[in-house]
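Everything on this sheet refers to the single structure shown next.
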Amino acid sequence: MTAANNLVEGRILLEVCVDTPAGLAAAIAGGADRIELCAALGLQGLTPAPGLMALATQAPIPVYSMIRPRNGDFCYDDGDIDAMRRDIDAVRLYGLAGVVIGASRANGELDLDVLEILVEHSQGLGLTLHRAIDIVPDQAAALEAAIALGFERVLTSGGALTAEAGAERIAELVARAAGCIGVMAGAGVRPGNLASLVSRTGVREVHGSFGGPVPGADPASKLGEMGFVPPELRDTSQAAVAEAVAVLRGL
């Protein structure tokens, strides 16, 4: 599968990352083109639970599952790799469209040995290389490696804290990709900066959580007192997704 397979009528695609059933429903209702399914977005996303994968099989748009077995770095040992292979099996079992993977060496370079194992195990599924590419010492070399491994796209902030801050580098990656692989901008993406980000980088895919506040627990309640639920939570906002879609459709 190539990056072009996910382009719809030449338009700029919106991928929304979600970690709850309500967030999944909100992203779909808001008009997202693709879902990145996760657990624990507050930890930058982990592998989602089988129950959420099962719910996502009903989605009318492609769903890619994050494959990240634990919090922390992207340096994986044999136990981590075994867990990731089993999670990829679950993605295939539930009929989701693809996986989002990445692996690093201690110096930040992509761990090509681990990635080869994971890519091979993901045959038949779509492939996104996650923001492990943002910590490499040489993004251009990492992009070429992603192309050689058969990834459809890379998700990147250009090595910066936000895609806005890394826009110049993202634009360089788009030019270097030359249509051989998709470059998707992510990190700090909001409806208010989408138009500028697309204009500055030339990306045809953007990624964000588009979260909004939802009520948490009354601090005086037992849930609040025990620390199970904070006073305010965040989840995907249908209105924010719809606003982002409207911006992109107007470009």
**OP:** Rank VAL174, GLY192, MET84 by how far each Cα sits towards the positive end of the charge dipole of the chain (+1 on Lys, Arg Cβ; -1 on Asp, Glu Cβ) and give me just the farthest.
**Re:** GLY192
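Stick to the Cα atoms of the range 9-209, pair each with every other, and give me the Kirkwood hydrodynamic radius in Å at one decimal.
Details: mean 1/r = 0.0599 Å⁻¹.
Every distinct Cα pair counted, the radius reaches 16.7 Å.
Relative to the present Cα-Cα distance, how much length would full extension add between LEU161 and VAL214 at 0.36 nm per residue of separation?
Full extension from LEU161 to VAL214 adds 16.5 nm.
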Subject >> Virtual spin-label span in nm between THR57 and ALA246, 7 Å along Cα→Cβ >> reply: 3.6
Original post:
Rounded to the nearest 5, what is the percent of antiparallel bridges among the DSSP beta bridges in the chain?
Top reply: 20
Original post:
So what is the relative contact order of the chain, in percent, for Cα pairs below 8 Å that sit 6 or more residues apart?
Top reply: 20
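Report the extension gain between ILE147 and LEU43 in nm, rounded to one decimal, defined as 0.36 nm multiplied by the number of residues separating them, less their alpha carbon distance. Write out the running numbers ahead of the final one.
On the way: separation 104, 0.36 × 104 = 37.44 nm, distance 2.75 nm.
Taking ILE147 through LEU43 to full extension adds about 34.7 nm, to one decimal.
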Original post:
Using +1 on the beta carbon of Lys and Arg, -1 on that of Asp and Glu, and nothing else charged, what's the dipole of the chain about the Cα centre, debye to 20?
Top reply: 680
**OP:** Along Cα→Cβ, 7 Å out, is where each label goes; now give me the distance between the ones at ALA25 and CYS180 in nm to one decimal.
**Re:** 4.5
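With a 10 Å Cβ neighbour count serving as the proxy for reagent exposure, in which order, fewest first, do ASP87, ASP111 appear?
Working: ASP87 24, ASP111 18.
Ordered from fewest to most neighbouring Cβ atoms within 10 Å, ASP87, ASP111 come out as ASP111, ASP87.
Over all distinct Cα pairs, what is the inverse of the mean 1/r for the range 116-193, reported as the Kirkwood hydrodynamic radius in Å? It would help to have the intermediate numbers written out before the result.
Details: mean 1/r = 0.0785 Å⁻¹.
With all distinct Cα pairs of the range 116-193 included, I get 12.7 Å.
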**OP:** Would you please name the trypsin sites (Lys or Arg not before Pro) within the range 106-199 that are DSSP coil residues with at most 10 other C-beta atoms within 10 Å of their C-beta?
**Re:** none
**OP:** Have a look at ALA56, ALA217, ALA29 and tell me which one the Gaussian network model of the chain (Cα, springs below 10 Å) gives the largest fluctuation.
**Re:** ALA217
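Do me a favour and compute the ellipsoid semi-axes for the range 103-251 from its Cα gyration tensor, root of five times each eigenvalue, largest one first, whole Å. Can you show the working numbers first?
Working: eigenvalues 206, 95, 40 Å².
Taking √(5λ) for each Cα gyration eigenvalue gives 32, 22, 14 Å.
Laboratory data are not the source of any read-out in this text; all were calculated from the coordinates shown. Every value quoted in this text rests on a predicted model; they were computed, and no experiment measured them. For neighbour counting, all protein chains shown are included, and Cβ atoms are generated from backbone atoms with ideal geometry for every residue, glycine included.
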